[in-house]
Amino acid sequence: MTTSRWLRTILAGVSLLLVPLADRALACSCMLSGPPCQAAWTADVVFSGTVRTIERIEGGPGDPVFHPVRVTFDVDRGYINARSGVVEVTTGPGMGDCGYRFAAGRRYLVYAWKRPPSGLSTGICSRTRPIEEAAEDITYLSSIPAMATGGRVFGRVNEYRRDPAEERGVDYGPLEGVTVSVQGPTMQKDVVTDAHGRFEVTNLPVGKATVTLVAPFGFDARYLTREFDIPDLRSCSAQDFTLALRATASGTVVDESGRPVAGVEVDAVAAELAGFDPPPYQYPVKTDERGIFEFDHLPPGTYVFGVNLTKRPGARRSGTSVFLPGVAAARDAAVIELKAGDETVVGVLRLSRR
């Protein structure tokens, strides 16, 4: 490994230590494993035990900087595929590698997977946690033998809203009355969300199934079907959804002679930010060979459209600002109000010779 590559690796690991655990899980391109009734059936082994020793596993020449560690546990209770005794689990050292940082002498609930040839392993993407934080897990794991009536899928549907003048949106709360359809090879059932946005379908058979939301009018209907698995009649799958209101806006860009212009980046900017060189809360779209541009999921609000209206991170401006319908001053720009569900043709943007 070269010196510069080694330094970049060190810095990446150090920087990841500075962010919260949940954010580190996302940085590792993984997702936390859901509630106990889901996590228990995706892990190969679940047990509680106290850390006896933690040893760094040395590698040979050319091995990565962050060597894994071997953690030895005194298991006091096995919940899934484990029994009392001594168990070894490998993980990363917790420096940007998704490893779980155990402490000697402390008791944990461990969710682990079989990883040949090293045996069992775990990490921050699992529900592994100190025993004092595992009350919900222990309650479920202790009651597993009495729960064999069928799998279940459940979740919550929330609304997300963003004002076009703001960089970040807000959780607008639960959505009541949204239809949720659950379908498997031998079953299909529709339910609606309650006043808290929650839904649940029980008595599911073992196997793969899908859950689909029927978006109410005005909401973005993309990405609303998911596949999930019920590996055991005692297992579950948590499927939360977030819906956002959206509007569509399209138009055409032409040159001063009225000919369509392809490959032009068009901005959609909150009307109140027009003329202030705002940051790109809504990223631009390019015109096609016919000069047509389309924004297919804008948050409802009042907009102006044009070229060179926003700051481009790391890029130079390619010319002066031109606002729809073809004016240089923001005060003369066409102001377009978009409501949820609108599919609006905003008109023709005429570019002048530069």
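Among the listed values (1) 46; (2) 25; (3) 55, the one computed from these coordinates for percent of Cα pairs over 36 Å apart is (1).
Within 10 Å of each residue's Cβ, count the other Cβ atoms and sort Phe217, Phe295, Phe154 from fewest upward. Each step should come with its number before you reach the end.
Details: Phe217 8, Phe295 23, Phe154 20.
Taking fewest neighbouring Cβ atoms as first place, the list is Phe217, Phe154, Phe295.
Peptides 322-335, 37-50 ranked from most to least packed by the mean count of surrounding Cβ atoms within 10 Å: 37-50, 322-335.
Tally Lys/Arg at +1 and Asp/Glu at -1 over every other residue whose Cβ is under 11 Å from the Cβ of Val264; what's the total? Could you put the intermediate results ahead of the total?
Working: positive: Lys286; negative: Asp255, Glu265, Asp267, Asp288.
With Lys, Arg at +1 and Asp, Glu at -1, the neighbours total -3.
Helix-only arithmetic for the chain: the sum of -39500 (n - 2.57) across DSSP H runs with n ≥ 4, divided by the residue total, places the mean residue ellipticity at 222 nm at -2500 deg cm²/dmol. Label positions at Asp255 and Asp229, each projected 7 Å from the Cα along the C-beta direction, are separated by 5.6 nm. Compute the helix-to-body angle for 3-17: its Cα long axis versus the longest principal axis of the chain, expressed 0 to 90° and rounded to tens. The two axes meet at around 80 degrees. Can you grab the distance from the C-alpha centre of the range 179-219 to the C-alpha centre of the range 86-154, Å, no decimals? Using only Cα atoms, the two centres lie 29 Å from each other.
What is the order of Tyr172, Tyr283, fewest Cβ neighbours within 10 Å to most?
On the way: Tyr172 15, Tyr283 11.
Fewest-to-most ranking of Tyr172, Tyr283: Tyr283, Tyr172.
Considering only the range 247-350, what is the antiparallel percent among its DSSP beta bridges, to the nearest 5? Kindly include the intermediate steps, with their values, before the conclusion.
Working: 18 of 25 bridges.
So the antiparallel bridges amount to about 70 percent of the total.
If you run the Gaussian network model on the chain, springs between alpha carbon atoms under 10 Å, then out of Arg52, Arg259, Arg77 the most flexible one is Arg259.
Please work out the FRET efficiency for the pair Ala221 and Arg83, using the Cβ-Cβ distance as r and a Förster radius of 41 Å; give the result to the nearest 0.05. FRET efficiency, Ala221 to Arg83: 0.25. Near the amide H of Tyr79, within less than 5 Å, lie the amide hydrogens of Val46, Phe47, Ser48, all on another chain or at least 5 residues away, with H placed in the peptide plane.
Taking 8 Å as the Cα distance limit and 6 or more residues as the minimum spacing, I'd like the relative contact order of the chain as a percentage.
Numbers: 838 pairs, mean separation 44.4, N = 354.
After rounding, I find 13 percent.
Here the calculated FRET efficiency for Arg101 and Arg198, from their Cβ-Cβ distance with R0 = 45 Å, stands at 0.85, rounded to the nearest 0.05. Can you tell me the relative contact order of the range 171-225? Whole percent, Cα pairs under 8 Å, sequence separation 6 or more. Relative contact order, the range 171-225: 35 percent. The ranking of Ile80, Ile57 by Cβ neighbour count inside 10 Å, starting from the fewest, reads Ile57, Ile80.
Roughly speaking, what is the stretch gain from Ser181 to Arg115, that is 0.36 nm per residue apart minus the C-alpha to C-alpha distance, in nm to one decimal?
On the way: separation 66, 0.36 × 66 = 23.76 nm, distance 3.59 nm.
Extra length available between Ser181 and Arg115 comes to 20.2 nm.
Here the chain carries DSSP beta bridges of which approximately 80% are antiparallel, counting only pairs with both residues inside.
Each reported figure results from applying straightforward, stated rules to the coordinates on display, with no laboratory input. Treat the numbers as computed from the prediction; the structure is a model and nothing was measured. Note that we place each Cβ from the backbone using ideal geometry, even for glycine, and neighbour counts take in every protein chain shown.
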